[in-house]
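The structure under discussion appears below in the form of structure tokens.
The values are calculated or read from the model by the stated rules, or taken from the named source; none is laboratory data. All values reported here derive from a predicted model rather than from experimental measurement. Cβ placement follows ideal geometry from the backbone for every residue including glycine, while neighbour counts extend to all protein chains displayed. When the accessible area is computed, the model is the full protein with side chains, heavy atoms only, and any ligands, DNA or RNA have been set aside. Shrake-Rupley method; radii C 1.70, N 1.55, O 1.52, S 1.80 Å.
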Amino acid sequence: MRSQILIHPEELTKAWIDRMADAGISALGIHPWGGKHAVKSIESMLESLKTPEYRALLDCAAERGLEIEYEIHAAGYLLPRDLFETHPEFFRVNADGERSADWNFCVTNPEAMDYVAKRAADLALALYRSGNRFYFWMDDGKSVHCHCPNCRDLSPSDQQLLVLNAMLTEIKKHIPDAKMAYLAYFDSLALPEKIEAHPDIFLEYAPMEKYVANSEDAAERIAREQAMIAPLMERFGKEDAKVLEYWYDNSLFSKWKKPPQEFHLDEAGMRKDIEQYKALGFRDVATFGCFLGPDYDELYPPVDVTPLADALK
Ligand SMILES: [Zn+2]
């Protein structure tokens, strides 16, 4: 099976590359921060990608046999919030009925979508040594989609698909074999109902409820997350379907606050999950591995990723 670890752009070092390659991990994922840091983190990554030093690191990763991909909460970057002053209609209407530049955008505004699609193509072309699979996710959160009269009948899943279809069509003008991930988690676990996916859109299933659900209905939410795997695979196809897990996500375990906490792998839990994913037909399994970079290594013994590589062999 294909194995992958996602780390923050600034965490990439020769030590991380060697750790992954020595263990037999298949792919490196570069993952800028999400949430309120997303745009800044993407811009800073794009600056790094222009430097010979950072490119040399990625060359080194490629030479050591690691595939390279970028997984990005891209909505805020793709439609810069400062356009709100001149084009408020590009932005979403929130659940209170107000236009707001806080999250995502209006997915039925043709000009906004055109802007987003073109910028997505530029972004795809700027991702040094990227494979042909692109992961440009909507903003993180619940109920952060557009509620305007034209969008309100489209679920968050349908809204995501509309954006993916538009982006992929534009990216394919430059990268004909490009594919894009439909990220299924939280609101977008539900099957899209009104929008058909472009054939080169594949499923990326990220079971985050399992780690963060703590409301009264937590058990129910986690059960629903599990129950949606089969219908999502059926809808988007098994062939390219990918799982994005959190087994090594020390940013989650550190509650996204530095300094990082000491990381302890739940190896038995991970192996059990992997058995389930294998049985369901997944052949591509990734995990976040953020907050295990150079600042972590100064505080604690370096993390061992061989259990992940071994479990996926
Ligand atoms: Zn709208």
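So, ALA279, is that one open to solvent by less than 60 Å² (accessible area, probe 1.4 Å) and of a type in the set (A, V, I, L, M) or not?
Working: open to solvent by less than 60 Å² (accessible area, probe 1.4 Å): no; of a type in the set (A, V, I, L, M): yes.
Here the answer is no, as ALA279 does not meet what is asked.
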Mind counting the residues in the stretch 295-305 that are farther than 15 Å from LEU6 by Cα and open to solvent by 10 Å² or more (accessible area, probe 1.4 Å)? 7
If I filter the stretch 114-135 for residues that are within 16 Å of the ligand (Cβ to nearest atom), modelled with pLDDT of 95 or more and polar (S, T, N, Q), do I get at least one hit? no
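Might you let me know whether the stretch 144-157 holds any residue that is under 30 Å from SER26 (Cα atoms), open to solvent by 50 Å² or more (accessible area, probe 1.4 Å) and not small (Gly, Ala, Ser)?
Here is the first cut: in the stretch 144-157, the ones under 30 Å from SER26 (Cα atoms) are 157.
Remaining after also requiring open to solvent by 50 Å² or more (accessible area, probe 1.4 Å): none.
Among the residues of the stretch 144-157, not one is under 30 Å from SER26 (Cα atoms), open to solvent by 50 Å² or more (accessible area, probe 1.4 Å) and not small (Gly, Ala, Ser), which makes the answer no.
Results for (1) free of Cβ contacts under 8 Å to residues at least 12 places away in the same chain; (2) among the hydroxyl-bearing types (Ser, Thr, Tyr); (3) surrounded by 14 or more Cβ atoms within 10 Å (Cβ to Cβ), shown as yes or no for each residue.
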residue: SER3; (1), (2), (3): no, yes, yes
residue: LYS14; (1), (2), (3): no, no, no
residue: MET20; (1), (2), (3): no, no, yes
residue: ILE30; (1), (2), (3): no, no, yes
residue: GLU43; (1), (2), (3): no, no, no
residue: LYS50; (1), (2), (3): yes, no, no
residue: CYS60; (1), (2), (3): no, no, yes
residue: GLU63; (1), (2), (3): yes, no, no
Residue check, TRP247 against (1) part of a loop (DSSP other than H, G, I, E, B); (2) over 23 Å from the mean Cα position of the chain (by Cα), all met but one. Which one? (2)
Residues located in the stretch 65-81, provided they are touching a residue at least 60 places away in the same chain (Cβ under 8 Å) and either open to solvent by 10 Å² or more (accessible area, probe 1.4 Å) or assigned to a strand (DSSP E or B) (or both): GLU67, ILE68, GLU69, TYR70, GLU71, ILE72, HIS73
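Counting only residues that are touching a helix residue (DSSP H, G or I) at 6+ places or on another chain (Cβ under 8 Å) and part of a loop (DSSP other than H, G, I, E, B), which one in the stretch 83-99 is nearest to the ligand (Cβ to nearest atom)?
Quick first cut of the stretch 83-99, residues touching a helix residue (DSSP H, G or I) at 6+ places or on another chain (Cβ under 8 Å) only: 83-84, 87, 89-91, 99.
So of that shortlist, the ones also part of a loop (DSSP other than H, G, I, E, B) come out as 87, 91.
Working: HIS87: 13, PHE91: 9 Å.
Step by step, filter the stretch 83-99, then rank; the result is PHE91.
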Failed criterion for ASP114 (all others in (1) in a helix (DSSP H, G or I); (2) in contact with a strand residue (DSSP E or B) (Cβ under 7 Å, 6 or more places away or on another chain) hold): (2)
Looking at (1) open to solvent by 10 Å² or more (accessible area, probe 1.4 Å); (2) within 16 Å of the ligand (Cβ to nearest atom); (3) at pLDDT 95 or above; (4) part of a loop (DSSP other than H, G, I, E, B), which is the one condition that is false for ASP102? (3)
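Looking at PRO149, is it more than 20 Å from the chain's Cα centre (by Cα) and either aromatic (Phe, Trp, Tyr) or over 14 Å from ILE201 (Cβ atoms) (or both)? Working first, answer last.
Numbers: more than 20 Å from the chain's Cα centre (by Cα): yes; either aromatic (Phe, Trp, Tyr) or over 14 Å from ILE201 (Cβ atoms) (or both): yes.
Taking the combined requirement at face value, the residue satisfies it.
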Open to solvent by 30 Å² or more (accessible area, probe 1.4 Å), touching a Leu at 6+ places or on another chain (Cβ under 7 Å), closer than 18 Å to ILE42 by Cβ and outside any helix (DSSP H, G or I) - does that describe any residue in the stretch 185-197? no
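Conditions tested, residue by residue: (1) free of Cβ contacts under 8 Å to residues at least 24 places away in the same chain; (2) open to solvent by 80 Å² or more (accessible area, probe 1.4 Å); (3) more than 17 Å from LEU308 (Cβ to Cβ).
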{"residue": "TYR211", "(1), (2), (3)": "no, no, no"}
{"residue": "MET228", "(1), (2), (3)": "no, no, yes"}
{"residue": "ASP249", "(1), (2), (3)": "no, no, no"}
{"residue": "PRO259", "(1), (2), (3)": "no, yes, yes"}
{"residue": "GLY269", "(1), (2), (3)": "yes, no, no"}
Can you find even one residue in the stretch 165-183 that is open to solvent by 10 Å² or more (accessible area, probe 1.4 Å) and within 11 Å of the ligand (Cβ to nearest atom)? no
